[in-house]
Amino acid sequence: MAPPTAIVTGGSSGIGLALTHHLLERQWNVVIADINPPKDSIDGTIFVKTDVSSWDNQASLFKKAYEWNSRLDFCALNAGIDDRDDIFATISGDPSKPPGKPNMATLNIDLIGPYYGIKLAAHYMSLPSTGAGKPKLGGKIVVTSSAAGIYPIPQCPQYGMAKHGLVGLVRSLAPRSSTVGITINAICPALVKSGLAPPGLLDSFSEEQFTPMSTILRAFDELAEFEKVKNEDWVEKGHSGETVEGNLGELIYHKPAQRHEASSYANEEGLRAWDRAYIERNKKFVEAP
Ligand SMILES: NC(=O)c1ccc[n+]([C@@H]2O[C@H](COP(=O)([O-])OP(=O)(O)OC[C@H]3O[C@@H](n4cnc5c(N)ncnc54)[C@H](O)[C@@H]3O)[C@@H](O)[C@H]2O)c1
């Protein structure tokens, strides 16, 4: 029987690298998907050079990952970068100098990348898991959002947009993903030491202001139940649609805003009308133009 198998995007550094080691210690196999290889080669892993903002790169990554052990149990859609634009820096005060097209790399990597990953994971996690020796359906997905997916971040608005987008995406997908046995959750780390921040930022804070990696790994454990998946070779329903902030030693579960009572268009009957109107119609648009 093949071991449970995971994809970790952004697995060569920081949170993704720590998660890779965490999974290996629990006898998982890990596919590291990153634009850069890890500094040292790591037993129990394969590295697939991947730019998560490329659909073709991710399609090839998921195919390789599934074919490795004929199963795909868990995906951490974790690769991310901070901002590469500043809207206000291009205000010139000169009518002949309007801004050029902005650099949207952050949105493409931090939001479109996970969307591609979820679409592919849904396919491969729904194939028979022959490597597990069982006709398993389903799997677990955790996307790495951020505290910037819950609170505003004036210094990195494109990052804030992408990370808020991930929270909305997870909450919107969870009800239907559970019908195919897939759980999907977002972790929202506060400030964690990694390769993400620009030079100098981390030096501005004292040790007790950083969230330890152990808190983030605990969030992954709670949301993806690695031990259970491994021991039972099966993925049961667990947390789904959650937004979990990891801040210092705490895991904080954030709930969506309550709808105002005036929103009768979104009551049980109303939601059935939304299902009828959208779910069939959107099947016509599934291939990108
Ligand atoms: N460190 C923090 O304080 C913090 C807080 C909140 C959220 N996060 C999120 O955690 C995730 C992991 O970041 P980290 O802090 O470990 O930073 P990191 O820079 O150490 O690791 C990010 C990894 O992503 C990879 N990567 C970048 N662009 C990529 C692309 N286009 N395709 C594939 N891989 C790519 C990098 O090569 C790197 O290995 C990110 O999504 C980040 O936004 C980090």
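Hey, got a sec? Which trypsin sites (Lys or Arg not before Pro) in the stretch 220-289 land in a DSSP loop and have at most 11 other Cβ atoms within 10 Å?
Taking the stretch 220-289 and a limit of 11 other Cβ atoms within 10 Å, the loop trypsin sites (Lys or Arg not before Pro) found are 237, 259.
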Mind listing the phi-derived Karplus ³J(HN,Hα) values for the stretch 6-11, rounded to whole Hz, using 6.51, -1.76 and 1.60 with θ = phi - 60°, and x for any glycine or proline? 10, 10, 10, 7, x, x
Past the 32 Å Cα-Cα mark, which pairs from 39/228; 49/193; 193/283; 101/237; 228/283; 39/63? 193/283; 101/237; 228/283
In the chain the accessible area split gives carbon plus sulfur, as whole percent at 1.4 Å, a share of 57 percent
Percentage relative contact order, the chain, counting C-alpha pairs under 8 Å, at least six apart: 17 percent
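Count the DSSP beta bridges whose two residues both fall in the stretch 5-259, then state the antiparallel fraction as a percent rounded to the nearest 5.
Taking every DSSP beta bridge with both residues in the stretch 5-259, the antiparallel ones total about 15 percent.
Loop only per DSSP, at most 15 neighbouring Cβ atoms within 10 Å: give me the GluC sites (Glu not before Pro) in the stretch 138-243, ordered by residue number.
Details: sites: 207, 208, 222, 225, 227, 232, 236, 242; in loops: 225, 236, 242.
The qualifying sites are 236.
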Tell me the per residue accessible area of the chain using a 1.4 Å probe; a whole number in Å² is fine. 54 Å²
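Using only helices, what value at 222 nm comes out for the chain when you add -39,500 (n - 2.57) per DSSP H run of length 4 or more and divide by the total residues, to the nearest 500 deg cm²/dmol?
So the calculated ellipticity at 222 nm is -10500 deg cm²/dmol.
The values are calculated or read from the model by the stated rules, or taken from the named source; none is laboratory data. Since the structure is predicted, the reported quantities are computational estimates derived from the model, not experimental observations. No Cβ is skipped: glycine too gets one built from the backbone with ideal geometry, and neighbour counts run over all protein chains shown. For accessibility, only protein heavy atoms count, side chains too; no ligands or nucleic acids. Shrake-Rupley method; radii C 1.70, N 1.55, O 1.52, S 1.80 Å.
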